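Colleague: One structure is given below, represented as structure tokens, and several questions about it will come after.
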Amino acid sequence: MLGIGNKTNLKDGIKLNIVNDIKNAFYKANITEKIIYINVVLFLITVLFTKFIIEWLALPSNLDNFLYKPWTLITYSFIHKDIFHVLSNLLVLYYIGNLFLNFYTKKQFLNFYFLGGIFGGVIFLAYYYFINKTSAYPLGGASAAVTTIFIAIATKIPRYALRLRFIGSVELWVLAAIWVALSILQLANPDKGSAIAHISGAVFGYFYAKQLDKGNDIGKWFESIIDFFTNAFKPKKKSPFKAVYKTKKRTSSQEVSKTKQRKIDDILDKISKSGYESLTKEEKDFLFRAGKK
């Protein structure tokens with residue numbers, strides 16, 4: 001028979017293995033999956049400490065209350081109060097977010113997600129400050145941010161078809177239109193703040209994607225802020241060796257990157273004109289590999 005000490009050690013070992021497995025899964029996940037993990041963890045915490053989390057992390061409708069808790073403009077996008085809300089948002093984010101990464105970088109994903117959520121929150125605050133001065137429930141949920149991602153990729157590749165069980169192939173712009181229409185219908189509810197944030201996220205996602213197509217990254221400033229804080233906490237590595245032929249390597253790398261981008265742009269143009277199914281297997285494989293890097 002195992003002694004009490006051995007049983008305790010066994011339980012501690014199992015707990016440690018579970019924690020390590022979770023850590024490894026998180027580190028190996030792409031940026032979409034990491035955002036999903038964070039949302040799930042915060043949902044579980046919200047279930048346990050609902051009153052505290054809503055009070056300090058959800059976005060208040062009153063501007064004066066917000067000024068005491070400015071961080072809620074970001075944190076509200078990670079707060080969900082019920083299981084259906086979190087499941088619907090995160091399921092859409094999983095499929096659409098991973099598709100998004102085939103055409104945009106992970107830094108652009110963060111730009112769209114956070115800036116879309118912030119824009120939706122700002123319009124939410126403005127509505128209750130300038131138009132409807134009545135009190136309303138605090139805003140919580142990733143819907144504005146998810147809608148931003150959804151509309152952005154639908155703007156980029158509107159004719160990309162997704163195969164849905166029992167329905168068949170449906171083009172992305174149709175699904176995006178249905179998603180936005182559901183938010184518009186919610187404007188009929190007395191508490192329409194969340195719908196306003198969702199629609200605002202959709203508008204931002206469309207505008208940002210169109211600007212990127214023109215070569216204008218309006219979220220670059222936010223990316224720079226993230227890079228600043230990331231580098232500030234990153235340990236500095238000292239290399240004992242000097243870089244040789246640095247300029248030549250950089251030039252060569254830039255040329256390869258430009259050639260790759262031109263090929264991606266050609267494929268995207270083909271999708272826009274003829275749909276995803278018109279691509280050859282080689283083009284599909286190339287686009288898939290490019291999205292994973």
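The values are calculated or read from the model by the stated rules, or taken from the named source; none is laboratory data. Worth saying up front: this structure is predicted, and the values here are computed from it rather than measured. With ideal geometry, Cβ positions are generated from the backbone for all residues, glycine too; neighbour counts draw on all protein chains shown.
Colleague: Does Asn111 meet the test of being outside the structural domain of Ile271 (by TED's automatic domain parsing), at pLDDT below 95 and either more than 30 Å from Leu44 (Cβ to Cβ) or buried (at least 21 other Cβ atoms within 10 Å of the Cβ) (or both)?
Modeller: Working: outside the structural domain of Ile271 (by TED's automatic domain parsing): yes; at pLDDT below 95: no; either more than 30 Å from Leu44 (Cβ to Cβ) or buried (at least 21 other Cβ atoms within 10 Å of the Cβ) (or both): yes.
Judged against the criteria, Asn111 is not a match.
Colleague: Out of all the residues in the stretch 119-165, which are of a type in the set (Lys, Arg) and either buried (at least 20 other Cβ atoms within 10 Å of the Cβ) or not assigned by TED's automatic domain parsing to the domain that holds Phe43 (or both)?
Modeller: Filtering the stretch 119-165 for residues of a type in the set (Lys, Arg) gives 133, 156, 159, 163, 165.
Within the stretch 119-165, Lys156 is the sole residue that qualifies.
Colleague: Let me ask something additional. Would you pick out the residues in the stretch 182-210 that are within 20 Å of Ser135 (Cα to Cα) and β-branched (Val, Ile, Thr)?
Modeller: If the condition is that a residue be within 20 Å of Ser135 (Cα to Cα) and β-branched (Val, Ile, Thr), then Ile196 is the only one that fits.
Colleague: Does Asp191 satisfy the condition of being modelled with pLDDT under 95 and outside any helix (DSSP H, G or I)?
Modeller: In short, yes.
Colleague: Going by what's in this entry, would Glu277 be described as outside the structural domain of Phe114 (by TED's automatic domain parsing), in a helix (DSSP H, G or I) and either surrounded by fewer than 10 Cβ atoms within 10 Å (Cβ to Cβ) or at pLDDT 70 or above (or both)?
Modeller: Yes, satisfied.
Colleague: Kindly indicate whether any position in the stretch 122-139 is modelled with pLDDT of 95 or more, touching a Phe, Trp or Tyr at 6+ places or on another chain (Cβ under 8 Å) and either basic (Lys, Arg) or assigned to a helix (DSSP H, G or I) (or both).
Modeller: Yes, the stretch 122-139 contains a residue that is modelled with pLDDT of 95 or more, touching a Phe, Trp or Tyr at 6+ places or on another chain (Cβ under 8 Å) and either basic (Lys, Arg) or assigned to a helix (DSSP H, G or I) (or both).
Colleague: Related question: Is there any pair linking a residue in the stretch 39-67 that is closer than 14 Å to Val122 by Cα and in the same structural domain as Val86 (by TED's automatic domain parsing) to one that is β-branched (Val, Ile, Thr) and part of a helix (DSSP H, G or I), with Cβ under 6 Å and at least six apart or on different chains, and which?
Modeller: Pairs found: Leu59/Thr72.
Colleague: Can you tell me which residue within the stretch 204-219, out of those that are touching a residue at least 24 places away in the same chain (Cβ under 8 Å) and not aromatic (Phe, Trp, Tyr), is surrounded by the most Cβ atoms within 10 Å (Cβ to Cβ)? Walk me through it before giving the result.
Modeller: Start the filter on the stretch 204-219 by keeping residues that are touching a residue at least 24 places away in the same chain (Cβ under 8 Å), which leaves 204-206, 208-210, 212-213, 217, 219.
Still in the list and also not aromatic (Phe, Trp, Tyr): 205, 209-210, 212-213, 217, 219.
On the way: Gly205: 30, Ala209: 22, Lys210: 14, Leu212: 20, Asp213: 12, Asp217: 15, Gly219: 19.
Per the criteria, the residue is Gly205.
Colleague: Within the stretch 167-174, can one find any residue that is under 28 Å from Pro138 (Cβ atoms) and surrounded by fewer than 16 Cβ atoms within 10 Å (Cβ to Cβ)?
Modeller: Keep residues of the stretch 167-174 that are under 28 Å from Pro138 (Cβ atoms), which gives none.
No: the stretch 167-174 contains no residue that is under 28 Å from Pro138 (Cβ atoms) and surrounded by fewer than 16 Cβ atoms within 10 Å (Cβ to Cβ).
Colleague: Does Leu185 satisfy being over 23 Å from the mean Cα position of the chain (by Cα), hydrophobic (A, V, I, L, M, F, W, C) and at pLDDT 80 or above?
Modeller: Working: over 23 Å from the mean Cα position of the chain (by Cα): yes; hydrophobic (A, V, I, L, M, F, W, C): yes; at pLDDT 80 or above: yes.
Here the answer is yes, as Leu185 does meet what is asked.
Colleague: Quick check on Phe43: is it in contact with a His (Cβ under 8 Å, 6 or more places away or on another chain), of a type outside the set (Gly, Ala, Ser), farther than 20 Å from Phe222 by Cβ and part of a helix (DSSP H, G or I)? Outline the logic, then answer.
Modeller: On the way: in contact with a His (Cβ under 8 Å, 6 or more places away or on another chain): yes; of a type outside the set (Gly, Ala, Ser): yes; farther than 20 Å from Phe222 by Cβ: yes; part of a helix (DSSP H, G or I): yes.
For Phe43, the condition - in contact with a His (Cβ under 8 Å, 6 or more places away or on another chain), of a type outside the set (Gly, Ala, Ser), farther than 20 Å from Phe222 by Cβ and part of a helix (DSSP H, G or I) - is met.
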